[in-house]
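The values are calculated or read from the model by the stated rules, or taken from the named source; none is laboratory data. Keep in mind it's a predicted model, so treat the numbers as computed, not measured. Note that we place each Cβ from the backbone using ideal geometry, even for glycine, and neighbour counts take in every protein chain shown. Side chains included, ligands, DNA and RNA excluded: accessible areas come from the protein's heavy atoms. Shrake-Rupley method; radii C 1.70, N 1.55, O 1.52, S 1.80 Å.
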Amino acid sequence: MRTGCDVARVAVVIPTLRRPDSLTRALRSVFAQTGLEGHAVEIVVVDNDPAGTAAAPVEALAPVSPFPLHYVTAPRPGVATARNAGVAATDAPLIAFLDDDQEAGPGWLEALLKAQFTTGADVVFGPIAGVAEGAPAWARAHLDAFFGREGPSDDRLIDKPWGCGNALLLRATALPDPAPFDVAADQLGGEDDALFARIKASGGRFGWAAHAWVSEIAPPHRATMAYALRRAFAYGQGPSQEARARGDWPGVAKWMIVGAVQTVVWGAAAAGLWLLRRPSRARALDRAARGLGKVLWAPVFEPRFYGAQELARLESLSPSGV
């Protein structure tokens with residue numbers, strides 16, 4: 001916890017991969033932050049595209065930035081590599097992560113700092129309003145919720161960590177290593193889950209900033225049930241994989257049985273709800289996918305969402321990189 005006063009030095013780190021428009025939106029939302037008088041704030045944009053496509057929007061916005069704006073490159077595509085580059089690019093004692101598809105409310109950073117000061121947490125998370133623009137009408141409510149997150153109505157310590165997007169980390173205790181994120185997760189994601197598991201194991205504490213709102217505007221290719229079900233499958237793999245990592249084979253068997261039951265029960269429910277054209281089929285499909293992930297937990301079944309896989313998808317849509 002900071003002591004003496006609540007004045008802070010904080011870096012806002014925004015990793016990005018070939019999303020110039022949403023990066024511009026994210027940056028402008030940071031420029032519009034209020035309540036930061038006396039705080040020393042800087043922004044670090046980490047360009048994870050080998051082609052350096054984030055340079056142009058950063059250069060265009062630098063003259064209007066109210067805070068020092070730094071551009072760094074991490075040309076090896078990968079979510080953990082990008083986060084590590086952002087942490088290495090600043091010596092600020094507090095690191096706030098904002099994803100490039102997120103837009104911060106005007107009181108976002110102030111709320112994160114206040115919650116960290118009052119709770120003394122090593123990591124503080126804020127709520128997210130998911131926005132799945134272009135999603136099919138029957139799935140829109142589910143997808144909005146899928147890309148969002150909710151928590152308590154007040155600032156407090158919490159037991160469960162969330163993801164790095166919209167989070168404030170205390171460098172001394174949460175990010176003590178030069179490269180705190182495991183690059184083995186570059187293509188899969190989950191680099192933040194592994195970090196937070198280590199923090200919890202060492203006695204670290206997590207906090208919630210109830211008023212640190214951001215919106216997460218899902219890109220068109222993610223605002224679909226197909227994408228959400230792949231992610232749900234990956235989330236479902238977690239318990240089985242964690243048991244395997246501990247060498248707990250009875251635990252693996254337990255989770256596989258649980259997953260098999262969930263797959264059958266929720267799969268049947270999804271089929272019936274689909275025939276009835278009910279919007280609730282989206283949730284049933286989600287639960288069935290999570291169950292299947294517990295069964296098919298082996299690395300060979302792990303879906304890729306980041307790094308080289310995402311870059312290849314983007315290049316297939318626009319080979320010129322424009």
- Per-region count, segment 156-183, residues more than 17 Å from the chain's Cα centre (by Cα) and either under 21 Å from Arg304 (Cα atoms) or of a type in the set (Val, Ile, Thr) (or both): 2
- Task: From the list Leu188, Leu195, pick out the single residue that is under 16 Å from the mean Cα position of the chain (by Cα), in a loop (DSSP other than H, G, I, E, B) and either modelled with pLDDT under 95 or on the phi > 0 side of the Ramachandran plot (or both).
- Result: Leu188
- Message: Tell me whether segment 98-113 contains one or more residues that are out of contact with any Asp or Glu (no Cβ under 9 Å at 6 or more places or on another chain), in contact (Cβ under 8 Å) with a residue 12 or more places away in the chain and among the aromatic types (Phe, Trp, Tyr).
- Response: yes
- Please work out which residue is nearest to Pro93 (Cα to Cα), limiting yourself to segment 151-188 and to residues that are surrounded by fewer than 21 Cβ atoms within 10 Å (Cβ to Cβ) and in contact with a Pro (Cβ under 9 Å, 6 or more places away or on another chain). Arg171
- Note on the structure: Among the residues of segment 239-266, the number that are open to solvent by 30 Å² or more (accessible area, probe 1.4 Å), at pLDDT 95 or above, under 24 Å from Ala145 (Cβ atoms) and not aliphatic (A, V, I, L, M) is 3
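Give the residue, chosen from Gly148, Gly105, that is touching a Phe, Trp or Tyr at 6+ places or on another chain (Cβ under 7 Å) and open to solvent by less than 60 Å² (accessible area, probe 1.4 Å).
That would be Gly105, the only listed residue that is touching a Phe, Trp or Tyr at 6+ places or on another chain (Cβ under 7 Å) and open to solvent by less than 60 Å² (accessible area, probe 1.4 Å).
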- Note on the structure: Arg140 fails exactly one of (1) free of Cβ contacts under 8 Å to residues at least 60 places away in the same chain; (2) under 26 Å from Leu188 (Cα atoms); (3) open to solvent by less than 50 Å² (accessible area, probe 1.4 Å), namely (3)
- Selection within segment 191-221 - more than 18 Å from Arg18 (Cα to Cα), of a type outside the set (S, T, N, Q) and open to solvent by 30 Å² or more (accessible area, probe 1.4 Å): Asp193, Ala194, Ala197, Arg198, Lys200, Ala201, Gly203, Arg205, His211, Trp213
- Item | Hits in segment 53-66 (condition: surrounded by 14 or more Cβ atoms within 10 Å (Cβ to Cβ) and without any contact (Cβ under 8 Å) to a residue 40 or more places away in the chain) | Ala54, Ala55, Pro57, Val58, Leu61, Ala62, Ser65
- Message: Checking the structure you have, find out if any residue of segment 19-42 is touching a Phe, Trp or Tyr at 6+ places or on another chain (Cβ under 6 Å) and either over 17 Å from Ala111 (Cα atoms) or open to solvent by 20 Å² or more (accessible area, probe 1.4 Å) (or both).
- Response: yes
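Results for (1) at pLDDT 95 or above; (2) over 27 Å from Leu157 (Cα atoms); (3) out of contact with any helix residue (DSSP H, G or I) (no Cβ under 8 Å at 6 or more places or on another chain), shown as yes or no for each residue.
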{"position": "Ala8", "(1), (2), (3)": "no, no, no"}
{"position": "Arg18", "(1), (2), (3)": "no, yes, no"}
{"position": "Pro75", "(1), (2), (3)": "no, yes, yes"}
{"position": "Ala85", "(1), (2), (3)": "yes, yes, yes"}
{"position": "Ala92", "(1), (2), (3)": "yes, no, no"}
{"position": "Ala104", "(1), (2), (3)": "yes, no, no"}
{"position": "Ala111", "(1), (2), (3)": "yes, no, yes"}
{"position": "Val124", "(1), (2), (3)": "yes, no, no"}
- Task: Identify all residues within segment 277-317 that are open to solvent by less than 50 Å² (accessible area, probe 1.4 Å), over 22 Å from the mean Cα position of the chain (by Cα) and either of a type in the set (Val, Ile, Thr) or modelled with pLDDT under 95 (or both); write none if there are none.
- Result: Val295, Ala298
